[in-house]
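Participant: Quick one: this structure, given as structure tokens, is what I'll be asking you about.
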Amino acid sequence: MAERFTKPFTKAEMEAMRRALDDEPGVRRDFWAKLKRLGRRIPFAEDLLAAYFCTLDPATPNRVRLILLGAIAYFVLPVDGVPDFLPLLGFADDAALLMAAITQVAGSISESHREQARAALQEDGALTA
């Protein structure tokens with residue numbers, strides 16, 4: 001499993017992320033659909049939402065937005081290193097990629113973005129249990 005994280009993305013994965021970044025509104029729409037479908041079963045939901053809200057912030061530099069949108073696109077895409085339906089392991093690659101992206105841009109994800117994430121997770125009916 002750890003070996004998967006040291007290998008470069010496949011050509012198909014890279015192409016899928018490029019297409020997704022060309023369709024930012026589609027990534028945002030698919031992001032919410034997948035997040036609502038999976039709900040709180042995602043152990044990194046707060047970090048994922050904080051990254052999402054950071055991409056919406058007009059003060060966020062474009063470089064940071066692109067890094068985070070790439071990680072969010074990988075979460076959304078059906079092309080995945082480890083299928084998401086596998087218990088525990090299914091989101092390991094998504095979590096690793098998101099954490100790598102967040103580490104690169106940690107200074108840009110503010111407490112305000114994290115507060116927005118927590119509020120979204122606590123909204124009644126916003127995410128399934």
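Read the figures in this text as sums done on the coordinates, not as results from a lab. All figures in this text were calculated on a predicted structure; none of them were measured in a lab. Neighbour counts are summed over all protein chains in view; Cβ atoms, including those assigned to glycine, are modelled from backbone coordinates with ideal geometry.
Participant: If I model a spin label as a point 7 Å beyond the Cα along the Cα-Cβ vector, how far apart are those points for Arg118 and Arg29 in nm?
Facilitator: 3.3
Participant: Provide the FRET efficiency to the nearest 0.05 for the Lys11-Ala100 pair, computing r from the beta carbons and using R0 = 22 Å.
Facilitator: According to the calculation, E is roughly 0.65.
Participant: Fewest to most neighbouring Cβ within 10 Å: what's the order for Lys36, Lys11? Let's see the in-between values first.
Facilitator: On the way: Lys36 12, Lys11 8.
Lowest to highest Cβ neighbour count: Lys11, Lys36.
Participant: How much length would be gained if the chain were fully extended between Glu111 and Arg37, taking 0.36 nm per residue of separation minus their Cα-Cα distance, in nm to one decimal?
Facilitator: Gain on stretching Glu111 to Arg37: 24.0 nm.
Participant: Taking neighbour counts of Cβ atoms within 10 Å as a proxy for exposure, in what order, fewest first, do Thr55, Thr10 appear?
Facilitator: Ascending number of Cβ neighbours within 10 Å: Thr10, Thr55.
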